[in-house]
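The block underneath contains the structure these notes are about, expressed in C-alpha cells.
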Amino acid sequence: MTRNFISIRIALLVLVVLALCAPVATHSAYAQEAPTKEQLDQAKKAFGEGKVLHDAGKLGDAIEKFKESYRLSRNPVLLYNIALTLDENKQTDNALFYYRKFLSDAPSDAAQRKAATERVKALESEKLEADLNGKPADATKPNENTAPVPPTKIDTHANIKIKPAGTYQATEFQHQVVEDAPPNKPLDISAFVPEDSGWTVTLYYRGAGDAQFVSKPMQWHYKQLIARIPGAKVTGSSIQYYVEVKDHDGAPIAKSAKATSPNLVNIDATAQQRFFPDFTDDVEPSAKTTEQTKHHDDEDPLNKHKHVDEPVETTPVEVGPPGTSFTDVGSSKFEKAKWGTTIGAVALLGIGVSFYVLAGNQASALADDAKTPHGTCAATPCPFDSYDADLQSAGQRDQTLSNVALTFGVIGAAVAGYFWYRELKSPHHGATTGAQRGAKADGTPEMTWIVAPTIGDHFQGAAAAVRF
C-alpha cells in the first residue's frame, strides 16, 4: 500500500512538471528566429521602395512593399504603416485588421499606439453605421486612381498640463540640421521640446529667389514637432531655413541658426527624402511677418557695441517677389543701376588717371622746352613762344578733364557702393556658410567690386579690388 502510494505521488509529480514545462516547450517550438542581417537589409530596402511608391501615389504597390518589409523584419511598427496606407487607399476593412494587429503586437509604449487606437474606434463606428444602413464599409473599390483619404487628425497633446515658466532650460530644445533634400518633394523639418513646456516652435524658410522668410508653426506629431516645406519651394541649388523657440511670454529662448546665418539645404536628386506619410500638414505658411526682432547675437552692424531686444519693425513686412524699381534689390533695374554705376565709375576713374598722366607729360615737355636751346634761342631759359603756349593749353585742358573725370568717378563709385551695400545687406546675402557666401539667389558665384579714390602729393587716381 505504501509503495503504491509513493508511486502515485511520483507519477503526479512528473505530470505536474510536464504541465509546467509544456508552455515553454510549445513556445520554443513555435518561436521565430530573429531576422538575419541580410533579411534586415532587404527589409530596409523594401521599406524605402514602399515609401517612394507611397509618395508617388502608388498606394497599392506601396502596401505590398510594406508587407514585404514586415515579413522580413517582423517589426510590429511596420503594421501601422501598412494599416495607414490601406486606410489612405480606402481599404478600411483591411486597414482595421492591421490596426488591430499593430495594437496587439506592438510594444505598449509605441508612439503610434494612441493614434491607432483612435483610428480603430473611428473605423469600427463607421463599419457599424454602414452595417446598420445596409451598405458596405468600403463604398468605393480601391485602385491606384482613388484619391487618398487622410486619417483623422488626433490631437495627442490636448490634455497635457503645461508646467510653469522656467521649468526647462534652452538646452532641452533639440534639432537635427537637414543638409540635403531631393528637388520638388516636400521636406519635413522636425524638432523636439518637452511636451509640457508650453513653448512655441516656429520654422522659417525661403526658397531660391525669395526675398523674405516664410514662417510656419511646428505641429506635434507623436513625440516630436514637424513643419513641412512645400515641394514647390524645394527648387534651385539650395534653400534656407532656421527654427526659433519662444517661451510662454513669446520671448525667444533657443534657436537653430538665424535669419542672418540660416541653415543651408543643398538640393540633390540623390538625397533621401525626409517625409512623414502619416503627418497631416494643415497649417498654411504665414504670408507676413508681423514683427522682426533682433536678439543679443544679432548685433547692429553699424554699432557693434549696441544690443537690442526690441522690435526693429512693427509694420508687417510683405513676403513676396522683389519689386521692380531701382531701389528694389534683385530687380532688373537694380542690377542695371548697380553694374552701370560700377562700370561708369571705373571708366571715369580710368579716364581721369589717363588725363592726369597726359597733363603731367605736357608740363614736363613745357619745362624741358624752356631749358633746351632751339631755333633762334641760344640762351636759357628760352622765351615763351607759340609752341610753349600750345603745350600749356593742352596741359591745362588735360588737367581740367582729369579733375572732372576723377570727381565724377568718385561720385559714381559712391553711388555704386550704395547699390552694392544694399545688395549685401539684403536677405539674399544673409547666410555665412562657405557654399553661400558671395552667391546669387540661384547659388552661382558673384563678383564684388570695391573702388576707392587715391590722392597723393604728385598723384591722383583710384584703386580697385574684386572678390570672387
Looking only at residues that are open to solvent by 70 Å² or more (accessible area, probe 1.4 Å) and more than 18 Å from LEU358 (Cβ to Cβ) in the stretch 403-418, which one is modelled with the highest pLDDT?
ILE411
Can you list residue pairs whose Cβ atoms sit under 6 Å apart, with the first residue in the stretch 94-123 being surrounded by 15 or more Cβ atoms within 10 Å (Cβ to Cβ) and the second being acidic (Asp, Glu) and part of a helix (DSSP H, G or I)? Count only pairs 6 or more apart in sequence or on different chains.
ALA95/ASP87
Out of SER190, SER125, report the one residue that is under 30 Å from LEU59 (Cβ atoms), assigned to a strand (DSSP E or B) and modelled with pLDDT of 65 or more.
SER190
Test ASP138 against the stated conditions and say whether it is among the acidic types (Asp, Glu), open to solvent by 70 Å² or more (accessible area, probe 1.4 Å) and at pLDDT below 85.
no
Any chance the stretch 156-170 includes a residue that's in a loop (DSSP other than H, G, I, E, B), within 30 Å of the chain's Cα centre (by Cα), at pLDDT below 75 and not aliphatic (A, V, I, L, M)?
yes
Among (1) in contact with a Ser or Thr (Cβ under 9 Å, 6 or more places away or on another chain); (2) under 24 Å from GLU129 (Cα atoms), where does ASP87 come up short?
(1)
Residues located in the stretch 78-120, provided they are within 24 Å of GLU49 (Cβ to Cβ) and of a type in the set (Ser, Thr, Tyr)
TYR80, THR85, TYR98, TYR99
Considering only residues that are β-branched (Val, Ile, Thr) and in contact with a Phe, Trp or Tyr (Cβ under 7 Å, 6 or more places away or on another chain), look in the stretch 202-238 and name the one that is surrounded by the most Cβ atoms within 10 Å (Cβ to Cβ).
ILE229
Going through the stretch 51-72 one residue at a time, which ones are free of Cβ contacts under 8 Å to residues at least 60 places away in the same chain and open to solvent by less than 20 Å² (accessible area, probe 1.4 Å)?
ALA62, ILE63, PHE66, SER69
Taking the stated definitions as given, is SER28 modelled with pLDDT of 90 or more and either open to solvent by less than 70 Å² (accessible area, probe 1.4 Å) or not charged (D, E, K, R) (or both)?
no
Within the stretch 239-271, can you find the residues that are open to solvent by less than 50 Å² (accessible area, probe 1.4 Å) and among the polar types (S, T, N, Q)?
GLN240, SER256, SER261, ASN263
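The values are calculated or read from the model by the stated rules, or taken from the named source; none is laboratory data. Everything numeric here is computed off the predicted structure, so don't read it as measured data. FYI the Cβ positions are ideal-geometry reconstructions off the backbone, even for glycines, and counts take in every protein chain you see. When the accessible area is computed, the model is the full protein with side chains, heavy atoms only, and any ligands, DNA or RNA have been set aside. Shrake-Rupley method; radii C 1.70, N 1.55, O 1.52, S 1.80 Å.
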